[in-house]
Each structure stands twice: as structure tokens, then as C-alpha cells.
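Here is the structure we will look at, set down as C-alpha cells.
The values are calculated or read from the model by the stated rules, or taken from the named source; none is laboratory data. From a predicted model like this one, the values you see are computed outputs, not experimental measurements. Here the Cβ is made from the backbone with ideal geometry for all residues, glycine too, and neighbour counts use every protein chain on show.
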Number of protein chains: 2
Amino acid sequence: MQDRARATRRALLEAAAHLFVEQGYARTSINEISDLSGRTSGAVYFHYSSKEKLALAVVREQFAAWTLLADRYAAPGVPPLEKLVALSFDIAKALRDDVMTRAGARLWAERRTIDVAIPTPFAVWTAAVTRLLAEARADGELAEEVEPSGTAATLVCAFFGLYDLTEEMAEHEDLSDRLHRWWLLILKALQARPEPAALVARALAHHRPTPTG
Amino acid sequence: MQDRARATRRALLEAAAHLFVEQGYARTSINEISDLSGRTSGAVYFHYSSKEKLALAVVREQFAAWTLLADRYAAPGVPPLEKLVALSFDIAKALRDDVMTRAGARLWAERRTIDVAIPTPFAVWTAAVTRLLAEARADGELAEEVEPSGTAATLVCAFFGLYDLTEEMAEHEDLSDRLHRWWLLILKALQARPEPAALVARALAHHRPTPTG
């Protein structure tokens, strides 16, 4: 019984996420979510009580996934600036391929038109990036004048701008291309001994493990 | 008579811009625009035919102002990277103080919920930044590996991210602070002979002329 409730909640979340991505929050109705999920609209109200609450649940689902991702990059062994770069490519991939992540991003972009406060992931990301920069400082990898927390906030803002505008600019470059270019530029300023191309190559090797066996 | 029509159009534009900034596009009605402007709602329909058209007129008004601004920085005399930095602070100032600029930015942020294609300023800005970087290259000021047009797109994306998230992050830093920090970082990577602090200081001297006499 509890399993069935869990499956229903998951089906509703996924249907809602899909519709939010495709047509935005305002144009998505509870009926459409019910139709796509194969559940009744009564089930939507029973489990989430309103479209606002459902949007909030989608965003929270995305946050949980991101927290797992950030934790994965907290493990020791890989140099912190490599982790930072690899993490950014993982997020870019999720923003391209994962419906919950895409829905969260679109809801956030539409936040001003939604009657519930959409929580932002930026404080969590800024904290994670600050920690990685501080580790790089401790390892002697960070350029002297780079201050971890202010720089982390700046990097998070710039990443979001890359994401939000890359889709708008409608050129041949996708987010990964632009991110690649961005790291080659910014690592020159971040690294104590600049070697951006080599670091990005190592980070992408972590990011895309070659199949074994 | 034509002057009166022009004054009416201006009053309607300014009222609309003010309301779009304060409460967003969706929550603003033609009646409110009419009330705030002191004109009849008939005047709104006569001059702009719909709320969508009025939004479009606000965005176009902002574009015209930005084109003037970009042209101002096309004049010779000041080193191109200084112009680029000074221009960014001027835009940051307009985004803070100018109601038409703020309205344009908010309409763009809400573009997915507006039933008319909101034109984007990014191609114009990318072209302007590409030109400045190419001039810096010709003057020997740009680092060897920096490619003007791709880098320009990256800089424009990052600037927008700084703007859009700085308001959300609700810290003590405002956009000018964050922009300052951003240039100190990125100029290290852009300049052939890095001296970011000195360049930003010179750019701000252009940007904020001290009163004479």
C-alpha cells in the first residue's frame, strides 16, 4: 500500500516535470498532469494538494539529486579544481538530459509568475564551490589573489548565465561547448600554475569514464 | 497634436515599464497602466493595441537606449578593454536605476509566459563585445589564445548570470561589487600583460567622471 502511494507520487512528479518543461508552469493544468500520469486528478490533490505544492515537490526532488551529486564530489583523491570542472559538466549534462533537473530550472526561471516561493539551489552550490576552492588553496593549487567564497558566488552566477543564455543564443554551441571554453578562460585566472587545457582534459576523463572490460 | 500623441505614448510606456518592474507582466492590467499614466484605457488600445504590443514597445525602447550606449563606446581614444569594462558598469547602473532597462530585463526573464516573442539584446551585445576584443587584439592587448567572438558570447552570458542571480542571492554584494570582482578575475585571463586592478580603476574613472570646476 505504501509502495503504491510511492509509485503514484513518483508518476505524478514525473508527469508534472515533463509538462512543466514542455509548456511551462502557467500553461500546465492539473488535468493534464492527471492524464499524462494515468492517475486521477483526485490523486493529484490527495498527494500534493495543489499545483504550487507539486511544483515545489519537483524542485525539492531536483535538490535531493543535486545534493547527492555534490556529495559525490566531496570524496578525496581527485584534485579539487578537477572536481569542480567535472561537477560543472555533470550539471550541464543533467540540465540537458534529466527531466526533473530541466523542470526545476524552468520553474526557477518562471519563479516570479508562480504563487509560491521557489527555493534556489545557489546557496548550496556556492557552499560546495567555496569548499572546493578552499581545498585547492590548501593544496597550493589556487592563485594567490583568488578569494574562495566571493569567487564561488561569481562562478555560480556565471554558470547560470551560461546555461540560461546558451539556449537563447541559438548558435551551434551547446552548454558543454560553452562550458569548455569558459573553463579554458577562467582557469588561467584560478590556477596557481595555469594549465587550463590539461586540467579540463583530466576532469573530462573523470566525468566520462571509459567503459571497462 | 503630434507632440501630444508623443507625450501620451511616452506616459503610457513609462507607466507600463513601472508596473512591469513592480509586479511583472502577468499581474499588470491595461486598467492599471491607464490609471498610473493618467490616460484612458482607450488611449492604450489606440496607441499600442494590446498589452503584448506595449511590452514589445518597452523592450524596443530599452534596445534603442542600449544601442546609443554601445555607440558611445565605439568612439576611439580609450583602450578597448577599458571601454569594455566601463560599458559593463554603465549597463549595471542602468539595470539598477533606469525603469525602462529594468522593465526590459524583467520582461525578458518572464519571456516564456508572454504571448509574443520578446527580442533579445544578446546578439547586439555579443557583436559589440566581439568588436572591442578584436580591437584589443589589434592593439596587442589581448592574450594570445583568446578568440574574440566565442569569448564575447561567453562574457555576455556570464554578465547576464551575474545580473540575474545577484538579486536572488540576497547578500551584501550588489551587481557593481560582483562585477568588480568578476573583472579582476577574468581580466587576468584576457589581458596580454595582466594588470586587472589598474585597468578596472582606469575604466571606473571613465565611468564615473568626477565633477569639474
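Restricting to region B:42-65, count the residues that are assigned to a helix (DSSP H, G or I) and under 19 Å from residue B:117 (Cα atoms). Steps first, please.
Initial filter on region B:42-65 (assigned to a helix (DSSP H, G or I)): B:42-48, B:51-65.
Keeping just the survivors that are under 19 Å from residue B:117 (Cα atoms) gives B:48, B:51-64.
Result for region B:42-65: 15.
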Item to complete: Go through the residues of region A:62-82 one by one and say whether even a single one is touching a residue at least 60 places away in the same chain (Cβ under 8 Å), more than 23 Å from residue A:192 (Cβ to Cβ) and of a type in the set (A, V, I, L, M).
Response: no
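Taking the conditions exactly as written (of a type outside the set (A, V, I, L, M, F, W, C), farther than 22 Å from residue B:112 by Cα and either modelled with pLDDT of 95 or more or not in a helix (DSSP H, G or I) (or both)), does residue A:39 satisfy them or not? I'd like the intermediate steps shown before the answer.
Details: of a type outside the set (A, V, I, L, M, F, W, C): yes; farther than 22 Å from residue B:112 by Cα: yes; either modelled with pLDDT of 95 or more or not in a helix (DSSP H, G or I) (or both): yes.
Against the criterion (of a type outside the set (A, V, I, L, M, F, W, C), farther than 22 Å from residue B:112 by Cα and either modelled with pLDDT of 95 or more or not in a helix (DSSP H, G or I) (or both)), residue A:39 qualifies.
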Worksheet item: Of the residues in region B:119-145, how many are at pLDDT below 85 and part of a loop (DSSP other than H, G, I, E, B)?
Response: 3
Practice prompt. Say whether the condition of being of a type in the set (D, E, K, R), under 22 Å from residue B:177 (Cβ atoms), in contact with a helix residue (DSSP H, G or I) (Cβ under 9 Å, 6 or more places away or on another chain) and within 11 Å of another protein chain (Cβ to nearest Cβ) is met by at least one residue in region A:123-140.
Written response: no
Practice prompt. Those residues that are within 14 Å of chain B (Cβ to nearest Cβ), surrounded by fewer than 17 Cβ atoms within 10 Å (Cβ to Cβ) and either touching a His at 6+ places or on another chain (Cβ under 6 Å) or among the hydrophobic types (A, V, I, L, M, F, W, C) (or both), I need them from region A:1-45; list them, please.
Written response: A:26
Worksheet entry | Extreme residue, farthest from the other protein chains (Cβ to nearest Cβ), among residues of region A:78-113 that are in contact with a Lys or Arg (Cβ under 9 Å, 6 or more places away or on another chain) and not in a helix (DSSP H, G or I) | A:78
Fill in: The one condition in (1) more than 14 Å from residue B:161 (Cα to Cα); (2) touching a residue at least 24 places away in the same chain (Cβ under 8 Å); (3) of a type in the set (Asp, Glu) that residue A:173 fails to fulfil
(2)
Worksheet item: Would you pick out the residues in region A:170-186 that are facing another protein chain (nearest Cβ under 7 Å) and touching a helix residue (DSSP H, G or I) at 6+ places or on another chain (Cβ under 6 Å)?
Response: A:178, A:181, A:182, A:185
